[in-house]
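Let me begin by presenting the structure, written as structure tokens, before commenting on it.
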Amino acid sequence: MILAAGRGERMRPLTDRIPKPLLMAGGKPLIVWHIENLVLAGIREIVINHAHLGGQIEEALGDGRRFGAEIRYSAEESALETAGGIANALPLLGDSPFAVVNGDIYCDYDFSRLLKSSGNLTAGKDAAHLVLVGNPAHHPGGDFCLQADRIIPSSNQLQAASCLQLTFSGIGLYSPAMFCGIQRGSRAPLAPLIREQIALGRAGGEHHKGVWADIGTPERLTALDAYLTTSQQVDHD
């Protein structure tokens, strides 16, 4: 599932007329980079939720065939926040663990790694697996503590010399059961559900050390565009 329902307030005025996931970087909409990387990893059944200017997203991407994907849409009258959007889309996502990626990030993460990490969720050992990244300048405190391949509660950090405080990338793997308590069509944030599973010892994680950018401001979009454009020129050379 690609999350694409946000209003993108910090990106205004760009997002007054274009939904944030369709903003261009390196010659492609942000969301197209995700779709292509998902297909490359063998993940071809994709659900996209949308609200603000959502019709533009459906018009731009269609049914996904030109990307080698099968895209279905979960329309929201107004954005339901992350967990609310996922819960609303559960009928499209099925009964197996599924990947979720924020539509307003760029990352060179290899999504096939999530397929390899899905065993613990399929077996019922874990309810979530998060991809974490180094803390960016705009978020130096991080979000979660990673010890080996486990995310541990904040209360345990002082006891864990090998704990890395990292930032959530916006990429995760989840069990549908995590969202069953949310009524469809209601608003709900994701962070409390994740922290609940961390407290229960049911959250795994990994540290992605490659390229990652949270496109939260026009300046970050400009920087990403310059990086991708330069990278593609180098590749062509």
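All of the numbers you see were taken from the coordinates with simple rules; none came from a lab. Keep in mind that this is a model prediction, so the values were computed, not measured. Please note: Cβ atoms are built from the backbone with ideal geometry, for glycine as well, and neighbour counts cover all protein chains shown.
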Among 1-8, 171-178, how do they line up by average Cβ neighbours within 10 Å per residue, starting with the highest?
1-8, 171-178
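If Lys and Arg each add +1 and Asp and Glu each add -1, what is the summed charge of the other residues whose beta carbon sits under 10 Å from the beta carbon of ALA79?
-1
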Starting with the fewest neighbours, write out LEU80, LEU164 ranked by other beta-carbon atoms found within 10 Å of each beta-carbon.
LEU164, LEU80
Most exposed first, judged by fewest Cβ atoms within 10 angstrom, SER78, SER169 run SER78, SER169
Between LEU115 and HIS138, what is the label-point separation in nm under the 7 Å Cα-to-beta-carbon projection?
3.3
Under 14 Å, Cβ to Cβ, from ARG113 - net charge with Lys/Arg +1 and Asp/Glu -1:
-2
Please build a GNM for the chain, connecting alpha carbons under 10 Å apart, and tell me which residue among HIS208, HIS52, HIS129 fluctuates the most.
HIS208
Per residue Cα convex hull volume for the chain, in cubic angstrom?
129
Across the range 130-142, in residue order, what do the Karplus-derived ³J(HN,Hα) couplings come to in whole Hz, using 6.51 cos²θ - 1.76 cosθ + 1.60 with θ = phi - 60° and x for Gly and Pro?
10, 9, 10, 10, x, 6, x, 4, 7, 8, x, x, x
Cut-off 12 Å (backbone N to label point 7 Å along Cα→Cβ of TYR227), residues of the range 96-130
105-109
Order of CYS163, CYS180 under a 10 Å beta carbon neighbour criterion, fewest first:
CYS180, CYS163
Counting other Cβ atoms within 10 Å of each Cβ, which GluC sites (Glu not before Pro) in the range 162-237 have at most 12 and sit in a DSSP loop?
none
About the Cα centre of the chain, what is the dipole size in debye to 20, counting +1 per Lys and Arg Cβ and -1 per Asp and Glu Cβ, all else neutral?
360
Once normalised by the length of the chain, the mean sequence separation of its alpha carbon contacts under 8 Å that are 6 or more apart gives a contact order in percent of 26
If the elastic network links every pair of Cα atoms under 10 Å, which of GLU81, GLU59, GLU70 fluctuates the most in the Gaussian network model of the chain?
GLU59
In nm², the average projected area of the convex hull spanned by the Cα atoms of the range 1-135 is 8.7
